[in-house]
Amino acid sequence: MRLVDSHCHLEFPEFAAELDAVVARAREAGVGRLLTICTRLSKFHEVLAVAERFDRMFCSVGVHPHEAAHEPDVALERIVTLAKHPKVVGIGEAGLDYYYDKSPHDKQQEVFRLHIEAARQTGLPLIVHSRDADEDTVALLREGAEKGGLKGVIHCFTATQYLADAALEMGFFISLSGIVTFKNAEELRAVIKTVPLDRLLVETDSPYLAPMPKRGKKNEPSFVKHTAAFAAQLFGMSDEAFAEKTTENFRRLFKKAHVA
Ligand SMILES: [Zn+2]
Ligand SMILES: [Zn+2]
C-alpha cells in the first residue's frame, strides 16, 4: 500500500529524540512520501534539514497565522527565494486562525495575502490553514484566484460546506486529518462526503490530532493509515483503492515532489 502524509511537523521538539524511528515506522506503514510543514521562517533551516536528511521527504516554506505578528522579516522575495530549493514543494502553512487569535486579524490577513502571492509567483501549491475564518479565507483566496495561477489545499479540513464548495470551485484540494475519525465529527463527515474523490488528500498534522484508535497519543506519520482506512470506509472503498487515489492526487498537486 502506498500512502502519503501530506502534512506533518517533524522538526518539532516532540520528535527530536526519535526521528529516524518515526520515519522508519512511517515507511513500514506504507507511507512513501512525507511533507513536513514550515510554520516560521526563522525555523525554516530546521525544517529543511529534516527534509534533506531523508529520501522522499519534502518541506514547505511559510508562516503559520499564529506567528503572523511574531515573525520578523516576512517578505515576499524571501519566501520566493527559499522556495527555489529542490526540497521545497509548497508555500505555507498560511492562512487565518480566528479561533486561537494569536495574531491580530489584519496582520494575519496581510501575511496570508503575501503567501497567496508567493504561491502564484512560484507556481507551488498553497497549504492553507483556516479556523473559524471561512468567509475571510474564501475572500482572500478569491482575490488570488482571480489573478490566476493559484492552486493549493485546505489542510486539516474542519470547516463548513461553504469553505469546501468555494475551495473546490477554485480548484483546491481538501486534506483529511485524524479529526474525521473522531466520534463527534458527524457534521464534518457529512461535508467530506460531498468532496469528489479526485480532490482528497490525507495527513496527520503530527504531533497533533492523532486519529482513532490512537486518539490522545502523540501523533506520527505512520498513523495516517488509520485516517485513510477510516475515510476509505466512509467512501465505501478498499483501503488500497483509497490510498492509491489520495497518493495520485498528491502527485497531481505537489508536482515538484515527484521531479527526480
Ligand atoms: Zn494548520
Ligand atoms: Zn500544521
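The values are calculated or read from the model by the stated rules, or taken from the named source; none is laboratory data. Please read these numbers as outputs of a predicted model, since none were measured by experiment. Cβ sites come from the backbone with ideal geometry, for glycine too, and all protein chains shown count toward neighbours. These area figures cover heavy atoms from the full protein model, side chains too; ligands, DNA and RNA do not enter into them. Shrake-Rupley method; radii C 1.70, N 1.55, O 1.52, S 1.80 Å.
Scanning the stretch 1-16 for residues that are surrounded by 15 or more Cβ atoms within 10 Å (Cβ to Cβ), more than 16 Å from ligand 2 (Cβ to nearest atom) and in a loop (DSSP other than H, G, I, E, B) yields a single hit, Met1. Given the condition surrounded by fewer than 18 Cβ atoms within 10 Å (Cβ to Cβ), at pLDDT 95 or above and within 16 Å of ligand 1 (Cβ to nearest atom), answer yes or no: does some residue in the stretch 103-111 qualify? Checked the stretch 103-111: no residue is surrounded by fewer than 18 Cβ atoms within 10 Å (Cβ to Cβ), at pLDDT 95 or above and within 16 Å of ligand 1 (Cβ to nearest atom).
Note on the stretch 208-234: residues that are buried (at least 16 other Cβ atoms within 10 Å of the Cβ) and either aromatic (Phe, Trp, Tyr) or at positive phi (or both) total 4. With of a type in the set (A, V, I, L, M, F, W, C) and farther than 19 Å from Lys218 by Cα as the only criterion, which of Phe15, Phe44 stands out? None of the other options fit; the residue is Phe44. Just one of the numbered conditions (1) touching an Asp or Glu at 6+ places or on another chain (Cβ under 8 Å); (2) within 20 Å of Phe250 (Cβ to Cβ); (3) away from ligand 1 (no atom under 15 Å from the Cβ) is not true of Val23: (1). Can you pull out every residue in the stretch 160-204 that is of a type in the set (Phe, Trp, Tyr) and open to solvent by less than 10 Å² (accessible area, probe 1.4 Å)? Selection gives Phe172 alone. The set of residues in the stretch 87-102 being at pLDDT 95 or above and either touching a Phe, Trp or Tyr at 6+ places or on another chain (Cβ under 9 Å) or closer than 15 Å to Asp136 by Cα (or both) consists of Lys87, Val88, Val89, Gly90, Ala94, Gly95, Leu96, Asp97, Tyr98, Tyr99. Need the failing condition index for Thr137 against (1) within 16 Å of ligand 2 (Cβ to nearest atom); (2) outside any helix (DSSP H, G or I), just the number. Thr137 satisfies every listed condition except (2). Within the stretch 26-48, identify whether any single residue is free of Cβ contacts under 8 Å to residues at least 40 places away in the same chain and within 21 Å of Asp239 (Cα to Cα), and answer yes or no. Within the stretch 26-48, one or more residues are free of Cβ contacts under 8 Å to residues at least 40 places away in the same chain and within 21 Å of Asp239 (Cα to Cα). Residue count for the stretch 105-134, restricted to those that are touching a residue at least 24 places away in the same chain (Cβ under 8 Å) and part of a helix (DSSP H, G or I): 18.
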